[in-house]
């Protein structure tokens, strides 16, 4: 793996996130009556409110037991879990993201019975090697949130269909004195624009089971970033974007700074997952927003990226043995308590998919948040979704793909505009990440 300031950053961030988990909700305990649960709260108050509700309901229903938070902050989860596996100290309940396959292949997850999903009316996800491991949240999408007043001021009231159309609008926003885009380079969120560009343009919008995905062809050595013309175009778009619309000091910014800038009315556009809406109410954001689909540069229609279809929620780790396994299962079942599930949908701004739970969508008392939800629902129906590279647990890029894309975006934001070298980094780090699993 590469040795760079970025590697040092990941290591430092990992320690910081671990320390945050230790200090944020009390020191971790070896008590037999504690179930440790990971959650990527960072600076997201909506996520914290969900966890606190989950904890309160679990502890109310399970007297004498407690649920303890390990806050992963904004770091990429694979590094945290690898370190805990190495030290034999995995928490009992893990948020898996796209790491369920890595964690199960390494023998650290406990399968769930099919009846778990049936009990709550959850669409049963595709099994991984014949087994199921995770809770399923709701419908999660990723797209572009905009400050409606700023975009209206340049006369753009409908989602641009192409990256070039976005860039034309960004120039107009700059001419009006607005910051066209909020983007930091320090953390995973730096990868969002590249993730958007590759997912919508390099992968089929509708999965054809008879057609191998780009991921599978890459692993077979049939394609590479270096020789793929679409990947090259994506990098060229990222370079143009960084040169023209990203502040020079953005390398020191992360997700929290992006959030601060956008919610503070200092930026017109944020390329971010739907979960961003869960913090509008806690942060008392008053201006109107809209949530737009991801553009294309290959003639495809704009579309949202769906990242919630495969197994990607919380799972029991093998640390949950004896009585702890029963209580870890209780934690997973408490996730679908109506009060908890409502706070999850609110915090993540997702639409409910558990049909036996009387909770269907986020609800906010804060008008700006509720208006954004209604816009999101209408546009979701209008533009539809694609899975991008989130196809299945056995059809995914290697764990750490966001870290790889983040590194390349950092290189671009630092002034490295050699497309061949950047594509080479994507190729070599992909192979290294596969070896690491």
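The values are calculated or read from the model by the stated rules, or taken from the named source; none is laboratory data. The structure displayed is predicted, hence computed values, not measured ones. A quick note on method: Cβ atoms are made from the backbone with ideal geometry, for glycine too, and the neighbour counts reach across all protein chains shown.
Out of curiosity, is residue 372 modelled with pLDDT of 95 or more, buried (at least 22 other Cβ atoms within 10 Å of the Cβ) and either in a helix (DSSP H, G or I) or outside the structural domain of residue 104 (by TED's automatic domain parsing) (or both)? When the stated conditions are applied, residue 372 passes them. The set of residues in the stretch 375-421 being surrounded by fewer than 16 Cβ atoms within 10 Å (Cβ to Cβ) and part of a helix (DSSP H, G or I) consists of 377, 378, 381, 382, 420, 421. Residue 112 meets each of the listed conditions (1) modelled with pLDDT of 95 or more; (2) in contact with a helix residue (DSSP H, G or I) (Cβ under 7 Å, 6 or more places away or on another chain); (3) surrounded by fewer than 21 Cβ atoms within 10 Å (Cβ to Cβ) apart from (2). The set of residues in the stretch 42-67 being at pLDDT 95 or above, within 28 Å of residue 258 (Cα to Cα) and in contact with a strand residue (DSSP E or B) (Cβ under 9 Å, 6 or more places away or on another chain) consists of 47, 48, 50, 51, 52, 54.
For the stretch 309-332, a residue qualifies if it is closer than 30 Å to residue 162 by Cβ and either assigned to a helix (DSSP H, G or I) or at pLDDT 95 or above (or both), but none of them does. Residue 191 falls short of the stated requirement of being under 20 Å from residue 304 (Cβ atoms), more than 23 Å from the chain's Cα centre (by Cα) and either in contact (Cβ under 8 Å) with a residue 40 or more places away in the chain or in a helix (DSSP H, G or I) (or both). Within the stretch 123-139, the set of residues being under 12 Å from residue 309 (Cβ atoms), part of a loop (DSSP other than H, G, I, E, B) and either out of contact with any strand residue (DSSP E or B) (no Cβ under 9 Å at 6 or more places or on another chain) or touching a residue at least 12 places away in the same chain (Cβ under 8 Å) (or both) comprises 123, 125, 126, 136, 137. The set of residues in the stretch 293-308 being under 18 Å from residue 378 (Cβ atoms) and surrounded by fewer than 22 Cβ atoms within 10 Å (Cβ to Cβ) consists of 301, 303, 306.
Considering only the stretch 195-275, give the helices (runs of 4 or more DSSP H) lying wholly within it that have at least 1 residues that are loosely packed, with under 15 Cβ neighbours inside 10 Å. Give the derivation first.
Numbers: elements: 214-219, 229-245, 255-263.
Here the list reads 214-219, 229-245.
The residues listed here are 428, 355, 414; of these, the one that is under 30 Å from residue 103 (Cβ atoms) and either touching a helix residue (DSSP H, G or I) at 6+ places or on another chain (Cβ under 9 Å) or at pLDDT below 95 (or both) is 355.
Of the residues making up the stretch 152-178, those that are touching a helix residue (DSSP H, G or I) at 6+ places or on another chain (Cβ under 7 Å) and either crowded, with 23+ Cβ neighbours inside 10 Å or touching a residue at least 60 places away in the same chain (Cβ under 8 Å) (or both) are 160, 163, 167, 170, 173, 178. Residue count for the stretch 140-174, restricted to those that are assigned to a loop (DSSP other than H, G, I, E, B) and touching a strand residue (DSSP E or B) at 6+ places or on another chain (Cβ under 6 Å): 1. Residues in the stretch 333-367 that are part of a loop (DSSP other than H, G, I, E, B) and without any contact (Cβ under 8 Å) to a residue 40 or more places away in the chain were compared, and the one that is surrounded by the fewest Cβ atoms within 10 Å (Cβ to Cβ) is 358.
Only residues that are buried (at least 22 other Cβ atoms within 10 Å of the Cβ) and out of contact with any helix residue (DSSP H, G or I) (no Cβ under 9 Å at 6 or more places or on another chain) were counted across the stretch 309-330, and they come to 1.
Of everything in the stretch 276-292 that is touching a helix residue (DSSP H, G or I) at 6+ places or on another chain (Cβ under 7 Å) and in a loop (DSSP other than H, G, I, E, B), the residue that is surrounded by the fewest Cβ atoms within 10 Å (Cβ to Cβ) is 286.
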